[in-house]
1. Residues that are within 23 Å of A:VAL58 (Cα to Cα) and either under 18 Å from the mean Cα position of the chain (by Cα) or more than 14 Å from chain B (Cβ to nearest Cβ) (or both): find the strands (runs of 3 or more DSSP E) completely inside segment A:179-266 holding 2 or more of those.
2. Quick one: would you say A:VAL39 is within 14 Å of chain B (Cβ to nearest Cβ), under 30 Å from A:SER145 (Cα atoms) and touching a helix residue (DSSP H, G or I) at 6+ places or on another chain (Cβ under 7 Å)?
3. Can you list residue pairs whose Cβ atoms sit under 6 Å apart, with the first residue in segment A:551-568 being closer than 14 Å to A:ARG535 by Cβ and the second being among the charged types (D, E, K, R)? Count only pairs 6 or more apart in sequence or on different chains.
4. Can you give me the number of residues within segment A:2-16 that are in contact with a strand residue (DSSP E or B) (Cβ under 7 Å, 6 or more places away or on another chain) and not in a strand (DSSP E or B)?
5. Looking at segment A:129-188, which of the residues that are in the same structural domain as A:VAL119 (by TED's automatic domain parsing) and touching a helix residue (DSSP H, G or I) at 6+ places or on another chain (Cβ under 6 Å) is surrounded by the most Cβ atoms within 10 Å (Cβ to Cβ)?
6. Name the single residue, out of those in segment A:463-504 being on the phi > 0 side of the Ramachandran plot and out of contact with any Pro (no Cβ under 7 Å at 6 or more places or on another chain), that is surrounded by the most Cβ atoms within 10 Å (Cβ to Cβ).
7. Does B:THR33 satisfy the condition of being touching a residue at least 60 places away in the same chain (Cβ under 8 Å), touching a Ser or Thr at 6+ places or on another chain (Cβ under 7 Å), crowded, with 23+ Cβ neighbours inside 10 Å and not assigned by TED's automatic domain parsing to the domain that holds B:GLY157?
Amino acid sequence: MHLPLSDMYNQPDERNRLDHMRQGVIGKPLDRPEGPLKVSGTATYAAEWRIAGCVDGVLVLASIAQGQVSAIHRDDVLAREGVLAVIADPAMTRRSAQGMAAKAPQQDAARVEYFGQPVALVVAQTFEQARDAALALRIDYTDASDPAPFDPHGSGVKVEAPSDSKPVEGGDLDQAMETAAFSIDVEYETPGHASAAMEPHATIAQWQGDNLVLHGSYQMLAYNVKEIADCLGIAADKVRIIAPYVGGGFGSKLGITHEAVSAAIAARELGRPVRVVMTRQQVFQTVMRRSETRQRVRLAADPAGRLIGLGHEALVSNLPGEKFAEPVTQATEFLYGGENRLLKVEVARISRLTAGSVRAPGEAVGMQVLEAAMDELAEKIGIDPIDLRKRNLPATVPVEGTPYSSRMLTQALEEGVKAFGWSARQTRPCQTREGEWWIGMGMASAARVNMMVPAQARVTLRADGSALVETDQTDIGTGTYAILGQIAGEMLGLPIAQVTVTLGDTAFPAGAGSGGSFGAISTGSAVMRACEAIRETLAKRLGCDETDLALKDGSASGPGGESRGLPDLLDGHDLVETGSIKPGKTAKEFSQASYGAFFAEVAVHAFTGEVRVRRMTGAFGFGRVLNAKTARSQCLGGMVWGIGSALTEELAFDTRDGHLVNHDLAEYHVPVHADVPAIEVILLEERDAAASPLQAKGVGELGICGAAGAIANAVYNACGVRVRSFPLTLDKIIPALPDPFASAV
Amino acid sequence: MATNLATAQLTAPDSTANVNGTQHALPTDPRRTLLDWLRDDLGLTGTKKGCDHGQCGACTVLVDGRRINACLSLAALHGGDTIETIEGIGTPDVLAPLQRAFVTHDGFQCGYCTPGQICSAKALMEELAQGWPSAVSADVAAHPTPTPDELRERMSGNLCRCGAYANIIAALEDVIAAEDVA
């Protein structure tokens, strides 16, 4: 049989090659190969490369919200010891590039669009000298003549339809609401979120003649190269980015941002390497935020609890002209039935830093609200929330009629119910009290769209029988090093120690990049295809069909029992193949998504309203599990984000000037150890040929998509307080708490 | 106790510190933090800068056996001190039990907070052994039991945005059980 060598993934690859290989490493919970480097502090992150002659730059942020830089008093600081330059170049960026932009974001930093926008860079011999000079730099501004408002919900705000998505409309939602046996019409709010990756954005820029080398911290190098080149007006092939280790991204490092561009400009001007590391406060203020949302959810059900109508409308915000609009209703489009529907997102144009992708854009905030609203509907109908979900899984995607490639939601619900002990849940709130704490349980569905993006990877089967995988794909903590090695090891029949994976260098073929949970399936498929091509050659040399070729532990054998060692077959020469894949018809012909279910038990303090998550269970189906250890960690991490989104995380903007008030980790509260209980993760067996030749789907974001809803529903079940404004801080719970002296209500 | 000021003034302050067993001259710029000195002057970049404000714990190192945030301390204050960083705890080829347990339990993802978590965990084990109570100890006078809640409380100064917390606690529990710390 001939291989489908077209780059485009037009037909589901039903051959399911990985299940017919012999090595037995795919899916296994293997340790991360780079683990020993990370735990010993010897993995090198962006700011840590030792480059001779490198000097430090510190960004200067605008102290006004909107206007124009009219003067920069350079001379004052240039006279200071060690200060080398004050850079204020028109090529400097004032917004961050969105994910997969592949072109320059808004430049000309002298035009201030939001409070805290970078306007200059001070470079000095040492970090301390640069920091002090940056703090001392005086800048004059003129005010904007036509300022944008600061509050997305204030008067006079311009509200627009997103430029790249349309509302989903079907039937007559208003009429469905009127005729429904049960209905709810509720408004929820979610605040802005920060990615808050632990490694602040950092770049060391170094010119070698006309060529620019960046050691940076980015998620999608092939796109980032084009973005930085466009900013500087040079050809993309003159830029090389090296990023083997990235200290988390969560969307904030998808696109190029200020420190990279300003470092490159400064290095060119000074003729020496320049390092720019953003401060934590600068990362918060200038890189990227998830938009706050205001969401109206309308659910209309018939007497049997089947949805006949579904409305999900959201107002989000962004800077004027910025294309990205948090795709709040993305999973609502396919998750539940209800032919009468209206799903719509609108964008308020305001002056706050760029809104863009933060882990699971769309679902992270859309699902938690939809799932909280579903809980409200289940209560109104008087049925178990699990049953409500099960009754509303459509045969095809409502309105558009697309078939599902695979959907493990029912299995996830059922496995989760068993593992969590859902049957112990009290139907009505305020039924369980332990001392001063109300105890409750809640659940939510999980759903996240599955995407493939173009990816390439090179695989070398070396003459000695070991393998090398090379791609510019990044590992931002996701487990790329582990899974690409496992795919190659499985396909080529090699023990995992015989496979080396090198990542994060644009000198290698362009992988997918890390974002949208697409890195593993896209770049993994490219690795698989490169291995298939190598197998073709090996099969020819052994004299058998590729499909009959059995590779295991470095030996090749055919159907007739003939067997040869790989070094023997390779005869002193390497075999090198580059695999490639691009999204094709399968992306359009199937609704592809990863699914799951969350279960949470919480305690709510009867007097203070404090919420503690006591335990969580998540069951997830996302196609083939490539590495059970790293996949589980992705799910765990997502659920931790769910805890933050439910209880603590909230960007607070001053609506008088758009100033981000809580711009650091002391004031923006990500969950800490003490907030995170024992979490159980169940990985369901699934194969999804439409999603990828690997039969795998994305998992990097699934664990957050709905998790906060399960916690909010558990809070209601515990104490009877339904908070429709995330996060569920105690000030919102206390006013509605029942009499704490009553043992049960 | 009376201090002989005249004698004290004759003794030059120690301008060196011992880092992972090697004596190093402290920096001359008084603004340089212990963190920047370790990372930029000594090249010990295993100690991470996550916030530079004592909010994240990524820069945790051991100074005379106690864990501190290296970003909150000026290098010049550490004359005569003995400092241990992640590089002193173990190497990729010879991992310490804590480091090995982090790998086995996948107690990290991106790896950026990891050295701080491990340094913090090492000091935590010593604090437990010495009987230090915490905010969640039921009886502050009793010798603490390393329950998961105790470990979570004592590790809460070390943020992990990837959310590896459950795996980090599992790693600690393994090592504590093996070494019979408490």
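1. A:202-208, A:211-216, A:239-242
2. Spelling it out, it is not the case that A:VAL39 is within 14 Å of chain B (Cβ to nearest Cβ), under 30 Å from A:SER145 (Cα atoms) and touching a helix residue (DSSP H, G or I) at 6+ places or on another chain (Cβ under 7 Å).
3. From residues that are closer than 14 Å to A:ARG535 by Cβ, the pairs are A:LYS552/A:ARG22; A:ALA556/A:ARG564; A:GLY558/A:ASP548.
4. 1
5. A:ALA133
6. Looking at residues that are on the phi > 0 side of the Ramachandran plot and out of contact with any Pro (no Cβ under 7 Å at 6 or more places or on another chain), I get A:GLY477.
7. no
Let's see how each residue does on (1) of a type in the set (Gly, Ala, Ser); (2) more than 21 Å from A:GLN368 (Cα to Cα); (3) touching a residue at least 60 places away in the same chain (Cβ under 8 Å); (4) not in a loop (DSSP other than H, G, I, E, B):
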| site | (1), (2), (3), (4) |
| --- | --- |
| A:GLY579 | yes, yes, yes, yes |
| A:LYS582 | no, yes, yes, yes |
| A:PHE598 | no, no, yes, yes |
| A:ALA619 | yes, no, yes, yes |
| A:THR655 | no, yes, yes, no |
| A:TYR668 | no, no, yes, no |
| A:ILE682 | no, no, yes, yes |
| A:ALA690 | yes, yes, yes, no |
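The values are calculated or read from the model by the stated rules, or taken from the named source; none is laboratory data. Being a predicted model, the structure only gives us computed values, none of them experimental. Cβ: placed from backbone, ideal geometry, glycine included. Neighbour counts: every protein chain shown.
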